[in-house]
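The values are calculated or read from the model by the stated rules, or taken from the named source; none is laboratory data. Not measured: the values here are computed from a predicted model. Cβ atoms come from the backbone with ideal geometry, glycine included; neighbour counts cover every protein chain shown.
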Amino acid sequence: MWKSHAVIVLRLPYQKCSGYILIKRRSSSVQYRFYVHDYVMFKIRPITADDKEEWFQLWYGEDSYLELYHALSVVTPEITKTTFGRFLDVNEPVYAAVAVDDTGRLIGFATYLTHRDTWSIEDSLFLNDFFVSNECRRGGIGGSLIDFVYLEADRLGVKKVYWNTQLDNHRAQMFTKFENKSGFLLYVRP
């Protein structure tokens, strides 16, 4: 049983060209040029128990999320196993969505959790982890993962969705097209 139900499938009318696709809007002659890495179809869906091994690779493997943040020595296999179990536990407010290419391979993920907030009666949703595999970046997957998280926030009745990223992670700052910077710095206990 999934803890959530939204699924986003990206199906683009496309014409393959060397290294990119042209997408034509039905209502106009405008063409959009997107560079894709042999992926023109993917879907975003809730994580399932069957995704465990592939998710572990994106999370913990070579060229993984934890390697990107130099956190392989901080996040132990026990933490990873516990985290994955929380995604599947309907009693935990911890969730994960995965991006899956047209062959069924996991190519990205977002993890998020809901929590109480002292500035609001409603819960908030924190986008905790966000990753798209290197060879699949710049193809709309990241934006689709965020759209999925927004749909989940709506389903859960949560208005406030927020996240943070490292100041020098310029790739991740594509998020600014989705939200405004809050003006706050995040401080972490040493």
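Under the condition of being over 19 Å from ASP89 (Cα atoms) and of a type in the set (A, V, I, L, M), the residues counted in the range 114-154 number 6. Scanning the range 71-85 for residues that are within 15 Å of ALA110 (Cα to Cα) and either of a type in the set (Val, Ile, Thr) or outside any helix (DSSP H, G or I) (or both) returns THR80, THR83. Every condition in (1) modelled with pLDDT of 90 or more; (2) surrounded by fewer than 19 Cβ atoms within 10 Å (Cβ to Cβ); (3) closer than 27 Å to GLN57 by Cβ holds for THR111 except the one numbered (2). Pairs are defined by a Cβ separation below 9 Å, a sequence spacing of at least 6 or placement on different chains, a first member in the range 51-73 that is in contact (Cβ under 8 Å) with a residue 24 or more places away in the chain and within 16 Å of PHE84 (Cβ to Cβ), and a second member that is assigned to a loop (DSSP other than H, G, I, E, B) and among the aliphatic types (A, V, I, L, M); the pairs so defined are TRP55/ILE47; TRP59/VAL75; SER64/LEU72; TYR65/ALA71. State whether the residues of the range 134-145 include one that is among the hydrophobic types (A, V, I, L, M, F, W, C) and either exposed (fewer than 12 other Cβ atoms within 10 Å of the Cβ) or free of Cβ contacts under 8 Å to residues at least 60 places away in the same chain (or both). There is no residue in the range 134-145 that is among the hydrophobic types (A, V, I, L, M, F, W, C) and either exposed (fewer than 12 other Cβ atoms within 10 Å of the Cβ) or free of Cβ contacts under 8 Å to residues at least 60 places away in the same chain (or both).
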